Amino acid sequence: MLAAAALAPHADEVIIMDRDDLPDGPMSRPGLPQAHHAHLLWSGGEEAMEQIAPGMQQLLIQAGARYVPMPGSLLTLTPHGWVPRTGAPMQHQIVCSRDFLDATARGHLLKGVTVRSRVYAEALTGTPKRITGVRVRDLETKKTEDVSATLVVDATGRKSHAARWLEEIGLPAVVESIVDPGLVYASRWFRAPDGAEEYPVISLQPDPGLGKPGRIATLVPVEGGRWLVTLAGTLGAQPSADTAAFESFARSAAHPLVADLIARAEPLSDVRLYRNCRNHRRYFERLKPWPAGIVVLGDAVVSTNPIYGQGMTMAAQMVLAMRTALLRHGLADPDFSSTVQRRIGRVVQAPWDITTGQDIRFPGATGPRASLAGRLTHRYVDRLSSTAMSRPKATKALFDVMSLAEPPTRLFRPDTVWEVIKGPAGPALGKPPMTDAERAYCSPLSASIRTRPEA
């Protein structure tokens with residue numbers, strides 16, 4: 001939808017082809033199975049969205065989404081300790097359910113856009129030099145139709161067939177890379193206790209350096225007075241759909257905080273699993289020659305471990321890269337598509353490197369190991385992360401890059417390097433930095449405060 005909004009001012013007609021009938025409100029649909037799990041829109045993505053469609057943030061907040069300043073409204077446990085919540089806001093998140101985000105966005109982004117529902121793309125049309133359209137099949141009549149287009153944008157997600165379609169018209173195979181830690185997601189909705197509707201966002205992260213399977217717990221307060229709790233585990237520690245085991249799995253995470261909170265909360269749903277969580281990168285920008293008339297973006301280019309919450313933010317920044325090229329060159333430029341695809345490759349490379357560099361360290365993870373340069377970079381980032389637990393300037397640098405508000409070069413600015421050289425100013429927080437009011441929502445089991453399970 002965001003890509004359609006970016007293209008609409010520059011095209012005679014923009015058509016969205018979708019397998020689903022798009023609902024009028026925030027309802028689940030088959031084409032968005034991941035909507036049952038936690039989603040975050042980081043400030044880098046929200047700001048990109050705002051440039052493309054001004055007023056989007058205000059619309060979301062007015063409709064019921066939460067503006068979450070960081071770190072003040074976060075309870076985050078990293079491998080190095082709890083992130084302090086003091087000081088001025090550094091970045092922010094927009095927090096709501098994915099179905100709510102999509103429903104709110106449709107009314108704002110699809111003005112002047114044609115939507116064709118119950119159709120799906122089967123192939124590209126054209127030659128290795130230029131894509132001229134897409135072949136679609138109607139799910140009701142089963143008939144196919146070739147739809148011509150000046151530009152085809154593939155935003156079909158993790159299951160994109162763009163690489164195969166490009167081969168079918170005579171182009172070389174697209175280079176791909178997969179890093180799979182065996183991650184499985186399990187999510188469940190809860191009613192927030194009275195007064196806890198705007199509880200801090202909680203993220204309990206595993207330590208890949210322990211040589212043990214990772215267990216993750218996330219609690220996101222969203223619209224409608226609900227908590228969306230997402231648990232995840234890598235190979236050897238994967239959660240199940242058993243509702244009776246949900247709380248006990250949460251208690252096995254790096255800290256029992258999420259388990260202590262949901263022990264007193266009312267469940268609103270069963271447990272939903274999501275298994276397609278591997279990191280998958282398709283290097284479309286390396287394909288030579290790149291044909292005119294097609295751009296691939298979103299999860300079709302790179303899908304990363306959802307626990308890092310960067311998917312929507314990366315997608316928004318890819319669309320912003322396309323819009324920037326539109327403003328400078330226009331659709332008629334024969335190099336427009338290749339220019340955009342190269343820029344998209346640059347947008348996603350650093351998040352890909354950071355995510356996969358962590359995930360490959362979990363036991364049983366498959367995929368290419370980090371290069372020497374990659375390992376050295378991760379050692380540096382690890383030192384920075386440790387320093388960030390007690391030095392606000394280092395915390396700011398880390399949040400700037402995590403939120404994709406600034407490029408990764410932010411981590412290597414002289415002032416940041418100096419913080420890393422100095423190292424931690426003192427020990428990290430060993431207990432969650434909670435107020436008495438926040439702690440009151442925990443079950444009595446939370447008396448057994450700990451930082452991490454024994455290694």
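Every read-out reported here was derived from the displayed coordinates using simple, explicitly stated rules and does not represent laboratory data. In this text the structure is predicted, and so the values were computed from the model without any measurement. When we count neighbours, we look across all protein chains shown, and the Cβ atoms used for this are built from the backbone with ideal geometry, even at glycine.
Please work out the Kirkwood hydrodynamic radius for the chain, using every pair of different C-alpha atoms, and report it in angstroms with one decimal place.
23.0 Å
Rg over Rh of the range 294-422, using C-alpha atoms and the Kirkwood radius, what does it come to?
Result: Rg/Rh = 1.03.
How compact and how long is the range 372-422, expressed as Rg and Dmax of its alpha-carbon atoms in Å?
10.1, 29
Among Thr144, Thr132, rank each residue by its count of other Cβ atoms within 10 Å, from fewest to most, as a rough exposure measure.
Ordered by Cβ neighbours within 10 Å, fewest first: Thr144, Thr132.
Multiply the residue gap between Ile178 and Arg135 by 0.36 nm, knock off their C-alpha separation, and tell me the result in nm, one decimal place.
Full extension of this stretch gives 12.6 nm more.
Projected onto the charge dipole of the chain (+1 at Lys/Arg Cβ, -1 at Asp/Glu Cβ, origin at the Cα centre), which of Leu204, Ala65, Ala103 gives the Cα projection farthest towards the positive end?
So the residue we want is Leu204.
So, by mean Cβ neighbours within 10 angstrom, what's the order for 323-335, 271-283, 210-222, 293-305 with the highest one leading? Mind showing how you got there, number by number?
On the way: 323-335: 14.1, 271-283: 19.1, 210-222: 22.3, 293-305: 25.0.
Result, highest mean first: 293-305, 210-222, 271-283, 323-335.
In what order do Leu228, Leu429 fall by count of nearby beta-carbon atoms within 10 Å, going from fewest to most?
The fewest-first ordering by Cβ neighbours comes to Leu429, Leu228.
In the neighborhood of Pro368, defined by Cβ-to-Cβ distances under 12 Å, what is the net charge if each Lys or Arg adds +1 and each Asp or Glu adds -1?
Details: positive: Arg281, Arg369; negative: Glu176, Asp180, Asp353, Asp359.
Charge balance near Pro368 sits at -2.
How much net charge surrounds Ala405 when only other residues with a Cβ under 15 Å from its Cβ are counted (Lys, Arg +1; Asp, Glu -1)? Spell out each step's value before the answer.
Numbers: positive: Lys396, Arg410, Arg413; negative: Glu46, Glu47, Glu50, Asp400, Glu406.
Charge balance in the 15 Å sphere: -2.
Considering only the other residues whose Cβ falls under 14 Å of the Cβ of His36, what net charge follows from Lys and Arg at +1 and Asp and Glu at -1?
Working: positive: Arg29, Arg98, Arg188, Arg226, Arg272, Arg275; negative: Asp99, Asp102, Asp270.
Value of the local net charge: +3.
Suppose only helical runs count, i.e. DSSP H with n ≥ 4. What mean residue ellipticity at 222 nm does that imply for the chain under -39500 (n - 2.57) per run, divided by all residues and rounded to the nearest 500 deg cm²/dmol?
Result for the chain: -9000 deg cm²/dmol, rounded to the nearest 500.
Taking the beta-carbon count within 10 Å as an exposure proxy, list Glu406, Glu140, Glu285, Glu122 from fewest neighbours to most.
Glu140, Glu122, Glu406, Glu285
Say each of Glu197 and Arg328 gets a label point 7 Å from the Cα, pointing the same way as Cα to Cβ; how far apart are those two points in nm?
For the pair Glu197/Arg328, the computed spacing is 4.5 nm.
Return the distance in nm (one decimal) between the two label points of a simple spin-label model at His161 and Asp20, each offset 7 Å from Cα along Cα→Cβ.
Simple spin-label model gives 2.0 nm for this pair.
So, R0 is 56 Å and r is the distance between the beta-carbons of Asp242 and Ile169; what FRET efficiency does that work out to, to 0.05?
The value I calculate is 0.75.
For the pairs Lys393/Lys431; Lys159/Lys288; Lys111/Lys143; Lys396/Lys431; Lys159/Lys212; Lys129/Lys159, flag any whose C-alpha to C-alpha distance is greater than 26 Å.
Beyond 26 Å between Cα atoms: Lys111/Lys143; Lys159/Lys212.
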